[in-house]
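*Asks:* Dumping the structure here so I can ask a few things about it.
The values are calculated or read from the model by the stated rules, or taken from the named source; none is laboratory data. Model, not experiment: these values are computed from the prediction. Methodologically, a virtual Cβ is constructed for each residue, glycine included, from the backbone with ideal geometry; neighbour enumeration extends over all protein chains shown.
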Amino acid sequence: MILGLVDRVSRGGGLLLSLAPMANGEIPGDQQALLREIGDWLKVNGEAIYDTRPWKVYGEGSNEKLMAERDGHTVWHFDKCTAEDIRFTRKGGNIYAIAMARPLDGKLIIKTLALQPVASVTMLGVGPVSWSRTPEGLVIQMPVQRPSKYAYAFRIPLQ
């Protein structure tokens with residue numbers, strides 16, 4: 001659910017949730033758990049979502065592996081996301097790069113930012129992180145600390 005939210009916001013959209021309260025108005029436990037999980041992620045990473053706009057590039061990574069046909073409609077499955085799948089938002093002078101998965105080797109490579117004048121890199125929920133630039137792109141050393149179970153957001157002010 002969170003990866004779908006990140007993908008939609010990076011494209012200028014939003015997420016529509018459909019809840020099914022019981023007759024007495026109570027929201028079932030599984031739906032409450034889903035809402036809490038989204039809320040917990042947004043407490044850490046909401047800065048990369050709230051009041052943001054799409055950047056000039058919505059993301060990196062292959063969409064084909066995320067799409068499937070069902071009953072004549074395209075359905076998105078974000079369970080196949082890898083560290084190559086990155087989504088972007090912007091607010092003020094900041095670009096937010098949201099990694100849809102953690103890289104196995106601990107080095108996140110953002111190809112789109114290879115030539116952008118980056119001032120610093122901060123992982124939301126953690127703080128400043130080590131980064132460098134190579135011909136491949138902006139390379140971020142992922143910290144050991146994981147501020148959330150899902151997507152990892154980085155604030156990147158451009159110079």
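*Asks:* Residue by residue through segment 115-127, note down the ones that are over 18 Å from the mean Cα position of the chain (by Cα) and assigned to a strand (DSSP E or B).
*Replies:* Taking segment 115-127 first, the residues over 18 Å from the mean Cα position of the chain (by Cα) are 115-120.
Correct list: VAL118 only.
*Asks:* While we're on this one: Select from segment 139-159 the residues that are assigned to a strand (DSSP E or B) and farther than 16 Å from MET100 by Cα and write down the one among them that is modelled with the lowest pLDDT.
*Replies:* Step by step, filter segment 139-159, then rank; the result is LEU158.
*Asks:* Right, something else. Can you name the number of the only condition in (1) at pLDDT 85 or above; (2) touching a Phe, Trp or Tyr at 6+ places or on another chain (Cβ under 6 Å); (3) farther than 23 Å from VAL126 by Cβ that ALA48 fails?
*Replies:* With (1) at pLDDT 85 or above; (2) touching a Phe, Trp or Tyr at 6+ places or on another chain (Cβ under 6 Å); (3) farther than 23 Å from VAL126 by Cβ applied to ALA48, the lone miss is (3).
*Asks:* Can I ask one more? Among the residues of segment 90-121, write down those that are modelled with pLDDT of 95 or more, of a type in the set (S, T, N, Q) and surrounded by fewer than 17 Cβ atoms within 10 Å (Cβ to Cβ).
*Replies:* Passing the criteria: only SER120.
*Asks:* Give me the pairs, please: first residue somewhere in segment 117-128 and on the phi < 0 side of the Ramachandran plot, second residue anywhere and surrounded by fewer than 17 Cβ atoms within 10 Å (Cβ to Cβ) and small (Gly, Ala, Ser), beta-carbon distance under 7 Å, and either six or more positions apart or on two chains.
*Replies:* Every condition considered, the pairs that remain are PRO128/SER120.
*Asks:* Here is a check on your reading of the model: is ASP40 of a type outside the set (A, V, I, L, M) and at pLDDT below 90?
*Replies:* Values: of a type outside the set (A, V, I, L, M): yes; at pLDDT below 90: no.
No: the conditions fail for ASP40.
*Asks:* Among the strands (runs of 3 or more DSSP E) lying completely within segment 1-113, list those that include at least 1 residues that are under 27 Å from PRO135 (Cβ atoms). So that I can check it myself, show each step before the final result.
*Replies:* Working: elements: 53-60, 67-70, 73-76, 86-91, 94-99, 107-110.
The strands (runs of 3 or more DSSP E) meeting that bar are 53-60, 86-91, 94-99, 107-110.
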